[in-house]
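**Q** The structure that follows is given in the form of structure tokens.
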Amino acid sequence: MTHQSISRRNFLGHSSLTLASAMVGPHLSWPRMPVGAHLGAHRVVLPTHSSHAVSAFMRPPLDPAQLRRLATGAIDAAMHAGADWADIRIGDHRVFRPSAYGSSVTLQCGFGLRVRVNGAEAFVGGADPVPDLLAAAAKSAVATARELSAASGDKTTVRSGLAPAPSVTGEWRAPIAIDPFAMSIDDHAAMVEAADGAHDGRLNRLMSRGFRPNGGQHWTWIGEMRVLASSEGTLLTQTLANVDSRFSVEHWNWRYINTAGAIRLPVHGQGARTAGFEAALDPHLYDDLEAALDEIATYAQLPVGEMDVGRYAVVFDGHTQAAFINELFIPALSLNRVLGNEVDLTGTSFLAPPKVFIGDAVASPLMSLQVDGPGPQFGARRWDDDGVETRTVPLIQHGTLVDYLTSRSSLGMAHAMGKAGLVPATIADRVMLGGTTRAEVASRPAERAPSLSMAPSATPMSLAALARQMGKGLLVRGGWVSVDPEGIGGFIYPGMLFEVKGGQVVRRIIGARLMFSTKRMLQPRALIALGDADTQLTWSMEQFVPGVPWILSIQAVTAPAAAYPEVDLVSSTM
């Protein structure tokens, strides 16, 4: 096969020749890595073209049976050293990033071991889950927990345990059709070239009309085998598979090259999700790409200017609304922050007593936010990293706070603090485990569900219809959000900002950012309208999550477009 610009049809035809060997069956036949081999983390740069599978250039995955034996051996060592309780996660993680400029695979294997002694908890993580290192880690963790317990003595007001969870055993595999690591490097190169070819053909037509558009695509394929074992008898093996795909199209107005002169749009339907290589074969990708390019062509003809500082009505597209939820609500919904356990680390929560209680209205009745269950969204799994079965968890229903993001540790702390009268019974009695903890390789689990979603309007309401309903104000596309540690307020940095008059987009505004007050944005009448399911976009990004150590992890949030009555434009300079 020649490696020139390839059409989508040719790509699909070429790929179909190799798909049969890559289809995921009930069992994968993997070569095995011997116990005792050095694993750790390393990066492999791949050749530009090869008919060999991506996996041929990687060390073989570890044997799941070996991982289970290592995990149970570490638990036995911890209990023998004097632990009251112990659990361990061992992960074999691989990330493949295809690119026309050089593809690479990052491999990482590691473990995270927790122990508890007399109510005190200690954690040890490492990169080589081999028997001798695991045994040493178990002894070290138990010794540390024992010292922490002795040091606290009678000074500890509350000694908490873990919230109870059933002992479970089992295996689970992400429901994908085509293993991306079993596809050849040539297949991945053809996929990138096919999208670029469809992209470039449309771009060339736009350029003939005087536009100078650019664009790009980004694919990250993530595979992981993970084993969880505990002294309570839990022993779980999960094989996870995710993709983070991002397509964008942009147009540069060269007159404003130094002052945010780009018009940039994400392509609908992309983002982080559980999927195999079949995601690259989705025929809707090219239709969505064409639609984004049509929008770019329309926006590129608008006049460009600035607006006066002031207060305006605003419509957020789905990407901006999802970023708003990620930065404002996800940290505030962490039970650890609600209990004050992170006050010196990341801040407090505006959703904590005595300001807010379970059952209180905390937002507009139009807002419903949930942790997504084990479906096709990003991070699909059957059990979380506490060994709790995942489920759909409503957090906010029609504006009312109904639950928090929890872990066994934080919920155990809530029960202990409730008995001591330090927190209201609504936290201790009404919050439940929902499978909402997540750990990366060699980290302690954090209260961070991989995927959350906001419910869209049940009635038809497009982005254009929201702008028409608003009449006069601002339209934000592709915005990013920052919030202060206490969640009092923050800034919105628009990817693109437009002025709306008479319900129509009339001008592009450059050099602007917006400021909001959390109190105002969460008033019952602050959210006045939502877009329908067709306006939903997924915001996904690698970000640091508090933990021991801190976790660099992908978070995905899906949300519809949303209209608010007021937001402050605080800067606008040419």
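Computed from the coordinates by the stated procedures, all read-outs in this text should not be read as laboratory data. Quick caveat, the model's predicted, so the values are computed rather than measured. Cβ sites come from the backbone with ideal geometry, for glycine too, and all protein chains shown count toward neighbours.
**Q** So, R0 is 22 Å and r is the distance between the beta-carbons of M541 and H398; what FRET efficiency does that work out to, to 0.05?
**A** Given R0 = 22 Å and the Cβ-Cβ separation, E is 0.20.
**Q** Let me ask something else about it. Which of D384, D244, D76, D92 comes first, and how do the rest follow, when ranked by fewest Cβ neighbours within 10 Å?
**A** Neighbour counts put them in this order, fewest first: D76, D244, D92, D384.
**Q** Still on this structure, please answer the following. Below 11 angstrom from the Cβ of A86, what's the summed charge of the other residues (Lys, Arg +1; Asp, Glu -1)?
**A** Here the count lands on -3.
**Q** Now, a different point. To check you understand DSSP bridge types, tell me what percent of the beta bridges within the stretch 304-572 (both residues inside) are antiparallel, rounded to 5. Intermediate results must be reported in sequence, preceding the final value.
**A** Numbers: 51 of 60 bridges.
Close to 85 percent.
**Q** Along the charge dipole of the stretch 304-572, which of S451, W480, L463 sits closest to the positive end, that is, farthest toward it, with unit charges on the beta carbon of Lys, Arg, Asp and Glu (+1, +1, -1, -1)?
**A** L463
**Q** How high is the FRET efficiency between R69 and L302 when r is their beta carbon distance and R₀ equals 60 Å, given to the nearest 0.05?
**A** 0.40
**Q** Order of W383, W539 from fewest to most other C-beta atoms within 10 Å?
**A** W383, W539
**Q** Remind me, relative contact order of the stretch 304-572 in percent, using alpha carbon pairs under 8 angstrom and six or more residues apart?
**A** 29 percent
**Q** Arrange the following residues from fewest to most other Cβ atoms within 10 Å of their Cβ: T320, T459.
**A** The most exposed by this proxy come first: T459, T320.
**Q** Separate question: Straight distance only, please: which aspartates and glutamates reach the Cα of K419 with their own Cα at less than 19 Å, same-chain residues fewer than 8 apart left out?
**A** Cα-Cα hits under 19 Å: D154, D429.
**Q** Note down the net charge around S51, summing +1 for each Lys or Arg and -1 for each Asp or Glu among other residues with Cβ under 12 Å from its Cβ.
**A** Cβ neighbours under 12 Å give a net charge of -2.
**Q** Limiting things to C-alpha atoms, what are the Rg and the maximum Cα-Cα separation (Dmax) for the stretch 304-572, in angstroms?
**A** When restricted to Cα atoms, the stretch 304-572 yields Rg and Dmax of 18.7, 61 Å.
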